Structure formats: C-alpha cells, structure tokens
Amino acid sequence: MTASSSLSALLTALPDGLGKALPVATACAVIEQCIYPIAETEGVALRQALGRVLARDIISPIDVPPHDNSAMDGWAVRASDLNATAQTRLMPVGTALAGQAYAGSVQPGQTVRIMTGAVMPDGCDTVVIQEVARQDGASILIPPGQSAGQNRRLRGEDLTAGLPALVAGRSLGPADLGLLASIGVAEVPVQRRLRVAFFSTGSELRSLGQPLDPGCIYDSNRYTLHGLLSRLGVELIDMGVVTDSPEALEAAMRTASEQADAVISSGGVSVGEADYTRAVMNRLGEVAFWTIAMRPGRPMAFGRIANAWYFGLPGNPVAVMITFLFFVRDALIRLSGASPRPVLPLRVRSLAPLRKRPGRTEYQRATVEVGPDGLLQAHITGNQGSGVLRSMSQANALIVLHHDQGDVAAGDWVDAIGFEGLI
Ligand code: AMP
Ligand code: MG
C-alpha cells in the first residue's frame, strides 16, 4: 500500500481515541498493512554487511564445494573394488592433499592417500577413514562393511551454481557473511540504513547532566529507545526532550519528519495530553490515536507525517519497551526491507498465581529458567507497574496473558516470549 488515501481509509476504519479498545493483533495488522519498504539501496564491503538487509537475490556463480572432495583423512577407493564380507587389498598409487589434487586416474585395485578437503581422484567415489585401514607391506588393507560414497562431499551440495544462495530481504548474519565469501562475493547490495528520529515529551523530564529540579525526573525513555534502536542497526537521530507545548512539539515533529523514515516519541498520548498532541499531529499529517487493549501500553498513536511513519508511544518506561516490541520493531524491520523473523514462543510454568482480567492482553515481566524437573518455569519480577523499569531490567521474558484469558493458578502453563537479544 503506497497511497496516503488508503492510509487514511485504514486509519479511520478503526475505533480511535477513547472508543472501543483495539486488540493488539488488530493494531499490529493495521501497521503491517501500511508499511512498505524503503527503495534505496547501496553496495557495501562484505565485512560491513553484518546486520544489513540484502537488497536483491544473490545467485551463486559457482558450485560450493566446486568438486567432490573428501570429508575425512583416509584412503580414496573405488567402491566397486571392495569385498562386502572380506577385507580388500589395494595398492597405493599417490596422495591427494587439500589444494593439491592427485593428477592421475585411479585404476581398479588402486587407492590414493587422501586428506580432508582434497579433490576426489578420478575414478574414486568413496573414502575409507585412516583409522580402519591397515598398511601391509606395500599394500593397504580395507576391512569389509564400507558403504559406497561414504565420507565424500558432493560438488554443489552446499550451494549450486545458478540457484539463489540468499534471497532479498534477508537480514545478514555471521553465517551469511561466510556463505557470501564462499561464493566470492566481496561487495553486497543492501538496503540503505533506516533513519529513525526519536524524542521524549514531558516538561518534567531532565536530560543527564542537568540538575534534577523539584518534581522532575530523568528522561529514561530516550536511553531505552537508543538501546532498542541500536540493536536494530538503524541510524539514530536523537532529538532530546521536548517540553509539553504545542509549539515545541510541532517544531520537533517537523524537523524529525524531514530527516527520518520513522519518528518515535514517548509520552503525550495518554488521555490528559492526547488532545493537544492530536491537534499538532493533525496539522502535520495523518495520525490515529488508539487505545489498545493491552497492559502495559494502552495509549498509542500511529500515522504518517511528511515522509516519515510516526509512532507515538506511551510515556511509562515499561510501556515504551513493550509497545516498541509489539508495534514498532517489526514495522521498522519491514520498512528496512527485511521480513521480521517470528519470535519463538515459550511454554513456561508460572510459579505464582497471576490475576488477569479477560478483554485485554497483559505482559508480565518474568525470569524464565530451567526448573528442577528440567522444564521451564517463570518468576514474576516484582512490582509490575508500567513505570517500574526494574521489572524489565531484571526480566529475560514476558509472560503473555492473552486477550480472553483469565486468572492463572500457581503451576499453570502459560505462554511467554524470551526477549534476550530481542529488546
Ligand atoms: P505520559 O504518557 O506523558 O502521560 O507519561 C506517563 C508517565 O510516564 C508519567 O509518569 C511520566 O512522567 C513518565 N514518563 C514520560 N516520559 C518519560 C521519560 N522519557 N522517561 C521517564 N519517565 C517518563
Ligand atoms: Mg507527559
């Protein structure tokens, strides 16, 4: 979807503001339908491609491995020479080393000493490991029980010339760098990095290094967001703290949306503050203010301002992280041209009873560990208030209590998401 008319159609089709709360899945689906990847690409040196998004399919120009070769140190033989039930006597005629093939053709009754990675000599199809072969005078004795083709790696068994080695949209990991090197790719076509601007709103917020005036608190969200965004490998545009005034917000939003593909703010979207935020955003672009049926995280804004997607996250520090995980992270990954990899769900046993009201999704912060019976168990990390960032800092997982789910008894199995390395 690219036309902004369809964006407004999508946004207005949904309950807005204080209307009926949106289920988490609906909000995710709307964002997913709106977002389309940036188009610009660039070429980077292979080492610089880690974490970048591949911009087009890479077709392998060669077979990997380029020739049949030995998987072990031993003796290259012709399987048709081997006796199935008795030992076989073969005559060694030479050696094949990695990078130094045996030049001749191996005839019936002959064998070649071979090392791991060495090209299979012409005529041989099987390798007998050196540990089972025996030297007897000038000849080599091979015990029975070998199977044809054993210990041989086939040409092209890893990658085949003419077929895609990697497909566009892949976020390149360490194995992919090695894979690209294995087919001789030195420069990699990648999507350009996303530019993401972010700021905190709130007149009570002070940045590090400023005195903490009475009634004020340090801005923590901008630092959390810095960490969350850094893990995604985007270009960061940190716009600092914006005070609660329409003028300041409008100026920040204009600057941010001129420079970035996505703008993330925290605070200013809850009931008491949404009105002026809404007025500013509606002057600048198309933004919907949602109440999401989740805890923590209820209020959130989503839309488009100039060329940037806008995510207005709640102010509470835990809500920032959770709304980022469920709504922003995948959206940024999509925007960058990659496909989000599914988060692997866990089933864990809750050690404590959990209160849960049906009709909203709740995320409880927990430490998940292997219990004495070898199965996963979860402890809640203390006070679950949406302002208690310690609950997140101590946790390695979120227990997901689904929309329609009710109370959980101690010992019940619940769904969870491990977030180590994810957020
Ligand atoms: P708001 O959504 O702006 O009403 O903020 C909700 C709560 O989160 C208030 O207690 C704010 O003081 C707090 N809060 C908002 N932004 C931040 C921030 N950047 N760092 C720490 N706390 C914040
Ligand atoms: Mg505020």
Exercise. Determine whether segment 358-376 contains at least one residue that is touching a Gly at 6+ places or on another chain (Cβ under 6 Å), more than 16 Å from ligand 1 (Cβ to nearest atom) and more than 28 Å from L225 (Cβ to Cβ).
Key: yes
Self-check item: Looking only at segment 211-225, and only at residues there that are free of Cβ contacts under 8 Å to residues at least 24 places away in the same chain and within 13 Å of ligand 1 (Cβ to nearest atom), the one that is most open to solvent (accessible area, probe 1.4 Å)
Solution: Y218
Self-check item: Qualifying positions in segment 296-331 - open to solvent by 20 Å² or more (accessible area, probe 1.4 Å), farther than 14 Å from A274 by Cα and not in a helix (DSSP H, G or I)
Solution: R304, A306, N307, N316
Practice problem: List the number of the failed condition for E420; all other conditions in (1) over 22 Å from the mean Cα position of the chain (by Cα); (2) within 27 Å of L232 (Cβ to Cβ); (3) among the charged types (D, E, K, R) hold. | Solution: (1)
Practice problem: Scan segment 332-374 residue by residue and report those that are part of a strand (DSSP E or B), without any contact (Cβ under 8 Å) to a residue 12 or more places away in the chain and open to solvent by 80 Å² or more (accessible area, probe 1.4 Å). | Solution: V370
Quiz item: What pairs come up if the first residue lies in segment 29-42 and is within 20 Å of R193 (Cα to Cα), the second is in a loop (DSSP other than H, G, I, E, B) and open to solvent by 80 Å² or more (accessible area, probe 1.4 Å), and their beta carbons are under 8 Å apart, counting only those six or more places apart or on different chains?
Solution: Y36/T2; T41/R56
Quiz item: Can you name every residue in segment 228-265 that is assigned to a helix (DSSP H, G or I) and open to solvent by 60 Å² or more (accessible area, probe 1.4 Å)?
Solution: R231, E247, R254, E258, Q259
Quiz item: Between residues in segment 306-324 that are at pLDDT below 95 and hydrophobic (A, V, I, L, M, F, W, C) and residues that are away from ligand 1 (no atom under 13 Å from the Cβ) and assigned to a strand (DSSP E or B), which pairs lie under 8 Å by C-beta distance while being six or more apart or on different chains?
Solution: A306/G285
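The values are calculated or read from the model by the stated rules, or taken from the named source; none is laboratory data. Since this is a predicted model, take the numbers as computed values, not measurements. Glycine gets a Cβ as well: all are built from the backbone with ideal geometry, and neighbour counts include every protein chain shown. Keep in mind that these areas ignore ligands, DNA and RNA; they rest on the heavy atoms of the full protein, side chains included. Shrake-Rupley method; radii C 1.70, N 1.55, O 1.52, S 1.80 Å.
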